[in-house]
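Heads up: the structure comes next, in structure tokens.
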Amino acid sequence: MARKYWSNRQRLSERRPLTADFWMAFQVFIDRWGKRRKFGRLFQMYNDRSGWNAEPLHDEVRARLGFYWRPDSSTFASDAPNDEGRVLDLIEVFHDLTEPTDSGAEYTRLMNELLDSFAQPFELVDGEVRQSGSEVLDELLEELPTDDEDLRVLLARAGKDFFYAKEDRRFQGLEAITQAFERVKTLLPGDKKQSVGELIAATVTDPGLQAEFETLFRTLTTIHNTAAIRHKETDRIPVDDDPLLVEFLFYGYYNLIRLLLLRLDKQRQ
């Protein structure tokens, strides 16, 4: 089966143009990489005293991706990779064409340094470009204090799906975080209503704020029961086609779960 590169793995219709500065820096990087004879033996034979003949490499890129790469173009030509998806495809293709020795690890390291220097929200991992998530959020999802193994699994799944870069799985992350929210409600003894009351009491001491937190719990519960998130009946409201709303809801559930678990952990200490 043919290798699927970045843009083929995406379900998002929007493409964002990269800056001309990054495009030029990327071209320089690949040109220098070729001059160092870092591509496979098929292309090394084209190095000579007069310089590096990159035409065979260009032809290979076109065969794999269907567009022509112009490393000598200082601006985006009409058939140059002037959108984010195509440039990310190129990053993966050039990784695949790099000599499979220590050069692959070096290519990955240098490419990630280049992406970071231009503040691009991507990283190259095992030959595939992945979207970088929030380092703080990623860490907290893995390390939120709880002895409940089922909750740990749900939180890990939520983080993995929400920041999955091979395809847009933010909605699946939202599904998992709402399941984690329901699980949190039952962490303390008693029925769900009693457990929620104890959770709120452990979180805030002011009666006025406790009443607002009770409202917040009910509101979040109503949202994921009304929208087609945990339940898929035909009368539920679809939200999976609204990425901004999906992100807003995900962080809303996550932040409340984080607050509750950290408060409970502090009480146990």
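The values are calculated or read from the model by the stated rules, or taken from the named source; none is laboratory data. If you're wondering where the values come from, they're calculated on a predicted model, not measured in any experiment. So basically every Cβ, Gly included, is an ideal-geometry build from the backbone, and we count neighbours across all protein chains shown.
Scanning the stretch 93-115 for residues that are under 17 Å from M24 (Cα atoms) and not acidic (D, E), we see that the one that is modelled with the lowest pLDDT is L115. Take the residues of the stretch 253-269 that are surrounded by 13 or more Cβ atoms within 10 Å (Cβ to Cβ) and charged (D, E, K, R): which is nearest to T203 (Cα to Cα)? By that ranking, first place goes to R263.
When the stretch 198-220 is filtered for residues that are touching a helix residue (DSSP H, G or I) at 6+ places or on another chain (Cβ under 8 Å) and in a helix (DSSP H, G or I), the ones remaining, listed by number, are L199, I200, A201, A202, T203, Q210, F213, E214, L216, F217, L220.
Being closer than 30 Å to G127 by Cα and surrounded by 14 or more Cβ atoms within 10 Å (Cβ to Cβ) holds for only one residue in R183, R236, R169, and it is R169.
Considering I200, I237, the condition of being closer than 21 Å to K266 by Cβ, more than 25 Å from the chain's Cα centre (by Cα) and free of Cβ contacts under 8 Å to residues at least 40 places away in the same chain is satisfied by I200 alone. Residues of the stretch 154-197 that are assigned to a helix (DSSP H, G or I), among the aliphatic types (A, V, I, L, M) and within 24 Å of D89 (Cβ to Cβ): none at all.
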